[in-house]
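S.K.: Before I ask anything, here is the structure I am working with.
The values are calculated or read from the model by the stated rules, or taken from the named source; none is laboratory data. Being a predicted model, the structure only gives us computed values, none of them experimental. As a convention, Cβ positions derive from the backbone with ideal geometry for all residues, glycine included, and neighbour counts pool all protein chains shown.
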Amino acid sequence: MPQVIEWKNPGKDDIVWRYPDERIEWGAQLIVREYEVAVFFRDGKAYDVLGPGRHTLTTLNLPLLTDYLTRLLGFTESPFKATIIFVSTKQFQGKFGGRSQTTDLAPLTFYGGYWFRVGDPKIFVNEVVGGKDKYTTSEVNEFIRGFINERLIDFLAKYDLLTVFTKIDDVSFKAKATVQDEFKRIGLELVDLKFEGIDTTPEYRERLFWIKQSGQAAYVLQMETAKTMAKELGKSPGAGFGAGMVMIPPVFTPPPPQSATVQPAVTAAAQTKKCPNCKRDVPLEAKFCPYCGFDFSKASSSYCPNCGAPLPPGAKFCPKCGKKIAE
């Protein structure tokens, strides 16, 4: 009775299966079901690929392996030695997720899903299954997930924080194209890839909010640099108060406006106003407080727009800072 080789009862999520017996007889019956292919692998290389159908194994339908055996042994022995790897060509889904860092050193966490299928079974077996000894579906899935994570970590590291969060559709499109090209190299076809979440730390979320509110990324970075300098000066036992005062003011100077006309420099204090509810400084043009959510449109007549102090009814000047109240 001839040898019968088939992948019995594959699961819906199974990608690959290796036939356990490497001794193959000429004349054996190979059964390949729909959405499957059988790849003949030997000595680190994939040779012939047979698609769906019932195949009687002969030198005619295994020409590449026959040629190799003839050159290796001088004849085609029976049984011969080869590994038969069944590969599913259905579409599969996976999850990715990892940590990266932007060009401005902001930490990023990301996660999402991807859909793929085996596009070139021969390359896939050469590069992943046989090439890296990933003979089970769980091993293949783990490899693909790690493969995507590595590429996305490198990809996101080429962008700054503001671009990632304000142009996420463009970044996602380019990320998908990058992974798509890399998948082809290992015999896979990327059907789709979607980010389900991208986040950073609270510190960098606050920075992002200020940049979007003020529109001055360079100024926000200068402010943070000044804070860091002041902190480091405070740590130094030999640094006096005067040293900090000399170094920090130039850093706080905001960048000049985008205009052909040179205008006087605006001080840091003029860029902010005080929230009457939580008393914290917020961007001058803010409509809501980023810290407590206070609505500034409701405060125009009851609080000083400069220092946030309560105003008595009919006041024309602020009793705390002296600011004239617009009528």
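S.K.: Are there any pairs with C-beta distances below 9 angstrom linking a residue in the range 270-297 that is assigned by TED's automatic domain parsing to the domain that holds E206 and at pLDDT 80 or above to a residue that is surrounded by fewer than 17 Cβ atoms within 10 Å (Cβ to Cβ) and hydrophobic (A, V, I, L, M, F, W, C), with the two at least 6 apart or on different chains, and if so which?
M.R.: none
S.K.: Shifting gears a bit: Please go through the range 298-326 and give me each residue that is aromatic (F, W, Y) and modelled with pLDDT under 75, ordered by number.
M.R.: Across the range 298-326, the qualifying residue is only Y303.
S.K.: Please verify whether I24 is under 37 Å from the mean Cα position of the chain (by Cα), buried (at least 20 other Cβ atoms within 10 Å of the Cβ) and modelled with pLDDT of 95 or more, treating the condition exactly as stated.
M.R.: no
S.K.: Would the range 182-195 turn up any residue that is outside any helix (DSSP H, G or I), under 15 Å from the mean Cα position of the chain (by Cα) and either under 24 Å from V87 (Cα atoms) or not assigned by TED's automatic domain parsing to the domain that holds Y111 (or both)? Full working, then the answer.
M.R.: Kept after step one, since they are outside any helix (DSSP H, G or I), are these residues of the range 182-195: 186-195.
From the residues that got through so far, the ones that are under 15 Å from the mean Cα position of the chain (by Cα) too are 192-195.
Still in the list and also either under 24 Å from V87 (Cα atoms) or not assigned by TED's automatic domain parsing to the domain that holds Y111 (or both): 192-193.
Checked against the condition, which is being outside any helix (DSSP H, G or I), under 15 Å from the mean Cα position of the chain (by Cα) and either under 24 Å from V87 (Cα atoms) or not assigned by TED's automatic domain parsing to the domain that holds Y111 (or both), the range 182-195 yields at least one hit.
S.K.: Here's a follow-up. Checking T136 against (1) among the β-branched types (V, I, T); (2) in contact (Cβ under 8 Å) with a residue 60 or more places away in the chain; (3) surrounded by 16 or more Cβ atoms within 10 Å (Cβ to Cβ), which test does it fail?
M.R.: Condition not satisfied by T136: (3).
S.K.: Ok, one more. With respect to L73, determine if the residue is out of contact with any Ser or Thr (no Cβ under 6 Å at 6 or more places or on another chain) and surrounded by fewer than 13 Cβ atoms within 10 Å (Cβ to Cβ).
M.R.: Considered against the rule, which asks whether it is out of contact with any Ser or Thr (no Cβ under 6 Å at 6 or more places or on another chain) and surrounded by fewer than 13 Cβ atoms within 10 Å (Cβ to Cβ), L73 comes out as yes.
S.K.: Every residue in the range 154-196 that is of a type in the set (F, W, Y) and under 16 Å from Q91 (Cβ atoms), please.
M.R.: F183
S.K.: Between a residue in the range 158-174 that is surrounded by fewer than 17 Cβ atoms within 10 Å (Cβ to Cβ) and any residue that is in a helix (DSSP H, G or I) and hydrophobic (A, V, I, L, M, F, W, C), which pairs come within a Cβ distance under 9 Å, given they are 6 or more apart or on different chains?
M.R.: Close Cβ pairs (under 9 Å, with a partner that is in a helix (DSSP H, G or I) and hydrophobic (A, V, I, L, M, F, W, C)) amount to D160/A217; T163/V171; T166/L208; K174/F155.
S.K.: Filter the range 20-59 down to residues that are among the hydroxyl-bearing types (S, T, Y), touching a strand residue (DSSP E or B) at 6+ places or on another chain (Cβ under 9 Å) and farther than 22 Å from I144 by Cα, then give me how many there are.
M.R.: Qualifying residue count, the range 20-59: 2.
S.K.: Filter the range 77-98 for residues that are surrounded by fewer than 16 Cβ atoms within 10 Å (Cβ to Cβ) and over 30 Å from E196 (Cβ atoms); which is modelled with the lowest pLDDT?
M.R.: The extreme case among them is E77.
S.K.: So which residues in the range 175-204 are over 15 Å from T102 (Cα atoms), surrounded by fewer than 19 Cβ atoms within 10 Å (Cβ to Cβ) and aliphatic (A, V, I, L, M), if there are any at all?
M.R.: Once the filter is applied, which keeps residues that are over 15 Å from T102 (Cα atoms), surrounded by fewer than 19 Cβ atoms within 10 Å (Cβ to Cβ) and aliphatic (A, V, I, L, M), the range 175-204 yields A177, V191.
S.K.: If you don't mind, there's one more thing I want to ask. Mind counting the residues in the range 4-61 that are of a type in the set (D, E, K, R), free of Cβ contacts under 8 Å to residues at least 40 places away in the same chain and in a strand (DSSP E or B)?
M.R.: Residues that pass the stated criteria total 3.
S.K.: Moving on to the next point. Please go through the range 119-145 and give me each residue that is part of a helix (DSSP H, G or I), closer than 19 Å to Q91 by Cα and not charged (D, E, K, R), ordered by number.
M.R.: Correct list: P121, I123, F124, V125, V128, V129, T137, S138, V140, N141, F143, I144.
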